[in-house]
Amino acid sequence: MLSAKIVGTGRYVPDNLVTNKDMEKLLGQQLKPSVESELGIKQRYITGDDESTVDLAANAALKAIEDAGISAEDIDLVIVATDTPEYISPATSTVVQGRIKAFNAGTFDINASCSGFVVGMDVASRMIMSGGYKYILLIGVYNMTKFIDKTDKNAFPIFADGGGAIVLTASDDETGFIASKLIADGTQYDFLGIFAGGTKKPINEERLNNKEHLLQFLKPVQLDRNIKLWLPLMKDVLDKINLTYEDIDHFFFTQINKSVIEKVMKANNLSMEKTTCIMDRYGYTGSACIPMALDVAIKEGRVKKGDVAMFVASGVGFSVAAVVFKL
């Protein structure tokens, strides 16, 4: 039986490094202590005016392709997971395909907000396991600073830009995709998001003046929402495959709040050595954060071939996803 195996990883961030001290200068005031103490953010990378989502995605993709030891022409399918697309149309994946010259590949985008990359791992794996594809390039990319009010002292320090990518291929050994589960609650669509620019609220002068084209926080989000959702979802996936938390060698979570990750690990009596946090160096990079964390963990030797890893992600909408892989 075919499985879907990760054979290459890569990450990319723009050159513009903004430390917390730099951010305080930009805002003209001190940051809340919680930015570092709770969220774990010490610095972040932000795109300049001449950089866009495709720049981040293409650079991450090329690194993953090189790491896999193949060429762009070997790719059969390019999938981009993002909620900060290059354009509303055409698809960002199509623009990336042209940029990296993966001319033998089909393309499509996934928008499941910040859970999009893990959703993409499920989708890409099942497409490979169907026998129809040999190499799939999956990219998670985030350029949310283009949609942030840069005078907002609460939002601006959190969000950052970056791209992460993996190459998956068909495998008949004991490595690769094991199990997954996706859940959502669409009644929470109007808590947080970018609500202008689509068909419901086309851009006009009034909406621009009201900054409705930028990220909006419309309703308060429960601070423990991810803890309440991640824990039962993780258990459900493990129960499917008769594994326990102790059977998982490494956990990768959406990188928005270090204290939440610490609480989830503690609730399962797991050491923080079994997870990788990158908020301190990269800030919050949304749909890019999990592939970026995976690449960091591999390159730094935190995970190794044969390890069993669980990936857990959540995003606005509300969408949550979990996947288990044997690396």
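Out of all the residues in region 284-310, which are of a type outside the set (Val, Ile, Thr) and surrounded by fewer than 24 Cβ atoms within 10 Å (Cβ to Cβ)? Walk me through it before giving the result.
Our first condition is that a residue be of a type outside the set (Val, Ile, Thr); within region 284-310, this holds for 284, 286-289, 291-295, 297, 299-302, 304-307, 309-310.
Passing the criteria: Ala297, Lys299, Glu300, Gly301, Arg302, Lys304, Lys305, Gly306, Asp307, Ala309.
Looking across region 92-110, the residues that are assigned to a loop (DSSP other than H, G, I, E, B) and either in contact (Cβ under 8 Å) with a residue 60 or more places away in the chain or surrounded by 18 or more Cβ atoms within 10 Å (Cβ to Cβ) (or both) come down to Ala102, Ala105.
Residues are listed down the side, and each one gets a yes or a no for (1) farther than 30 Å from Ile88 by Cα; (2) assigned to a helix (DSSP H, G or I):
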{"residue": "Leu214", "(1), (2)": "no, no"}
{"residue": "Ile227", "(1), (2)": "yes, yes"}
{"residue": "Leu231", "(1), (2)": "yes, yes"}
{"residue": "Met234", "(1), (2)": "yes, yes"}
{"residue": "Phe251", "(1), (2)": "yes, no"}
{"residue": "Glu262", "(1), (2)": "yes, yes"}
{"residue": "Asp280", "(1), (2)": "yes, yes"}
{"residue": "Ile290", "(1), (2)": "no, yes"}
{"residue": "Gly301", "(1), (2)": "yes, no"}
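Against the numbered list (1) free of Cβ contacts under 8 Å to residues at least 24 places away in the same chain; (2) under 24 Å from Asn154 (Cβ atoms); (3) not in a helix (DSSP H, G or I), Ser89 comes up short only at (2). Of all residues in region 280-288, one or more are touching a residue at least 24 places away in the same chain (Cβ under 8 Å) and more than 14 Å from the chain's Cα centre (by Cα). The residues of region 134-183 that are within 20 Å of Gly315 (Cα to Cα) and either touching a His at 6+ places or on another chain (Cβ under 9 Å) or not in a strand (DSSP E or B) (or both), listed by number, are Met144, Thr145, Lys146, Phe147, Ile148, Asp149, Asn154, Ala155, Phe156, Pro157, Ile158, Ala160. Using the structure shown, decide if Gly69 is in contact with an Asp or Glu (Cβ under 9 Å, 6 or more places away or on another chain), in the same structural domain as Val95 (by TED's automatic domain parsing) and in contact (Cβ under 8 Å) with a residue 60 or more places away in the chain. It is false that Gly69 is in contact with an Asp or Glu (Cβ under 9 Å, 6 or more places away or on another chain), in the same structural domain as Val95 (by TED's automatic domain parsing) and in contact (Cβ under 8 Å) with a residue 60 or more places away in the chain.
One residue stands out in region 156-199 among those that are under 30 Å from Met129 (Cα atoms), of a type in the set (Val, Ile, Thr) and buried (at least 17 other Cβ atoms within 10 Å of the Cβ): the one that is nearest to the chain's Cα centre (by Cα), namely Ile166. Against the conditions (1) of a type in the set (Lys, Arg); (2) in contact with a His (Cβ under 8 Å, 6 or more places away or on another chain); (3) closer than 16 Å to Leu192 by Cβ, where does Lys219 fall short? Just the number, please. Condition not satisfied by Lys219: (2). Of the residues Ser130, Ser89, the single one that is surrounded by fewer than 24 Cβ atoms within 10 Å (Cβ to Cβ), farther than 26 Å from Phe252 by Cβ and over 14 Å from the mean Cα position of the chain (by Cα) is Ser89.
The values are calculated or read from the model by the stated rules, or taken from the named source; none is laboratory data. Nothing here was measured: the structure is a model prediction, and the numbers come from that model. Ideal geometry is used to build each Cβ from the backbone, glycine not excepted, and the neighbour counts take in all protein chains shown.
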